[in-house]
Amino acid sequence: MADASETSDTSNTFTLQGVGASSVLGSMPAQEDRYTILLPDELSGHTDSLAFFAIYDGHASDKVAEHASKNIRRLLISSGELRQGNYESAIEQAIQAEEEELLQGFWAGEELFAVAGSTAALVVVNLTRGILVVANLGDSHVLLGEADGADHTSLKVERITTSHKPEHAGERHRIESAGGTLNTDGGVPRVGGLNMSRALGDLQYKSPLKDIGEQSLSSGQEKAGIEPTKKGDLVSSYPSLKRYPLQSDRRYFLALITDGVTNTMDDETIMHQIARSKQDGMDADKVAAKITEKASGAPGSDNATCVTVFLDGHNIRKQE
């Protein structure tokens, strides 16, 4: 991925100073992470200047992550909701359309869509108005660093996504209400064999495959303790969504990261490393690579992906 050149428009509240990405294998036999970057010139036809970023962390296969990374991109580019500024609706509709295509793919013979899945963390940024919308499923995350001008030592760091784990009270209640039970055989609460409660794919834990009947239960469904009389998805495809107004006198750093990164470094360490590297003149691709290389250094490391985004408010640019 080539580092994005500075994207500037005098009518925009924010300037896109750089975008970069890095994915590394770690100690895993295959790369199951994917990412998407859409810059404003790839989202033409909009009144405002928009950018879109996403990461996907596949499990049991790269099939769902690969399918989603291509398909959600296409769905958003053609989204009427996105053109109207309804970014949350655009993202949610794209995810549900992707789920329907995965189901149709399963009926057409792609059996992996039933047993494989993927996380998702997605960001839409309106550079004209200074709006950021984030959505996620599972345990891939988006970190937001906010700095006052060039003073990166005062960096405010926030994880703006939600971790979807079966043991969380609200998720556990939803799973049990849909007829599932948590499996703790391995010491970590799981839905069947899955250690997250929301994801793309994993159709065996969702209607209609979940409700086919006892004779069709997979080993994963058996571990999930499905009660056929209860309806609903054990693993949800409905994302957590948040909208953030960005301040024009601030500098922002975004990091979209898979759990191969977050399992090895805390949020503050990640974002301060990104801010320092940017301040030292490193481009966004190299900054992302520095994060993933550090994450993949330990034995037994997972696939690790990082997408870095640098945003400057127009008042910052005027001050400098």
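Just so you know, all these numbers are worked out from the coordinates, no wet-lab data involved. All values derive from a computational prediction rather than experimental measurement. Virtual Cβ from ideal backbone geometry, glycine too; neighbours counted across all protein chains shown.
Explain nothing, just the number: relative contact order of the stretch 165-235, from Cα pairs under 8 Å at least 6 residues apart, as a whole percent.
Working: 118 pairs, mean separation 29.1, N = 71.
Rounded, it is 41 percent for the stretch 165-235.
For ILE72, what is the net charge nearby, where nearby means another residue's Cβ is under 12 Å from its Cβ and Lys, Arg count +1, Asp, Glu -1?
Once positives and negatives cancel, what remains is -1.
So which residue, out of PRO29, PRO166, PRO189, gets the largest mean-square fluctuation from a GNM of the chain using Cα contacts under 10 Å as springs?
Greatest mean-square fluctuation among the candidates belongs to PRO29.
What are the ³J(HN,Hα) values, in whole Hz, obtained from phi via the Karplus relation 6.51 cos²θ - 1.76 cosθ + 1.60 with θ = phi - 60°, for each residue of the stretch 42-56 in sequence order, with x given for Gly and Pro?
Coupling constants for the stretch 42-56: 8, 10, 6, x, 9, 5, 9, 8, 10, 9, 9, 9, 7, 10, 9 Hz.
Just to confirm a number: summing +1 for Lys and Arg and -1 for Asp and Glu over residues other than ALA295 whose beta-carbon lies under 11 angstrom from that of ALA295, what do you get?
Result for the local shell: -1.
In which sequence would TYR56, TYR238, TYR87, TYR35 go, from the one with the fewest C-beta neighbours within 10 Å to the one with the most?
Going from least to most buried by this count: TYR238, TYR35, TYR87, TYR56.
Just to be sure I follow: if Rg is taken over the C-alpha atoms of the stretch 38-197 and Rh is the Kirkwood radius over the same atoms, what is Rg/Rh?
1.02
Looking at the square roots a ≥ b ≥ c of the eigenvalues of the Cα gyration tensor of the stretch 1-129, which shape do they give, rounded for a/c under 1.5, prolate if a/b is larger than b/c, or oblate?
Cα axes put the stretch 1-129 in the oblate bin.
If you wrap a convex hull around the C-alpha atoms of the stretch 11-78 and split its volume per residue, what is the figure in Å³?
Output value, Cα hull per residue: 89 Å³.
Mind checking Rg over Rh on the stretch 101-154, alpha carbons, Kirkwood formula for Rh?
In the stretch 101-154, Rg relative to Rh is 1.25.
Near LYS156, which lysines are there with a Cα under 20 Å away, not counting those fewer than 8 places off in the same chain?
The qualifying lysines are LYS242, LYS278.
Give me LEU39, LEU144, LEU200 sorted ascending by neighbouring Cβ count inside 10 Å, so fewest comes first.
LEU39, LEU144, LEU200
So for the pair GLU222, MET28, with labels modelled 7 Å out along Cα→Cβ, what separation do we get in nm?
Calculated label separation equals 2.7 nm.
Find, to one decimal place in angstroms, the Kirkwood hydrodynamic radius of the chain, where the mean of 1/r is taken over every pair of different Cα atoms and then inverted.
Result for the chain stands at 20.1 Å.
Give me the percent relative contact order of the stretch 108-165, please, defined on Cα pairs under 8 angstrom at least 6 residues apart.
On the way: 79 pairs, mean separation 16.7, N = 58.
Relative CO of the stretch 108-165 lands at 29 percent.
Would you calculate the volume per residue, in Å³, of the smallest convex hull containing every Cα atom of the stretch 165-235?
Per residue, the Cα convex hull of the stretch 165-235 comes to 69 Å³.
Lysines within cross-link reach of LYS231: Cα-Cα under 16 Å, excluding same-chain residues under 8 positions apart?
Partners within reach: LYS206, LYS210.
Which residues' amide hydrogens lie under 5 Å from the amide hydrogen of ARG198, considering only partners 5 or more residues apart or on another chain, with H built in the peptide plane?
Excluding prolines and chain starts, which carry no amide H, the hits are GLY138, SER236.
With a point put 7 Å past each Cα toward its Cβ, work out how far VAL188 is from ALA169 in nm, to one decimal.
So the label points at VAL188 and ALA169 sit 2.4 nm apart.
Given a Förster radius of 30 Å and the C-beta distance between LYS156 and GLU176 as r, what FRET efficiency does 1/(1 + (r/R0)^6) yield to the nearest 0.05?
Efficiency for this residue pair is about 0.20.
Given an 8 Å cut-off on Cα distances and at least 6 residues of separation, report the relative contact order of the chain as a percent.
26
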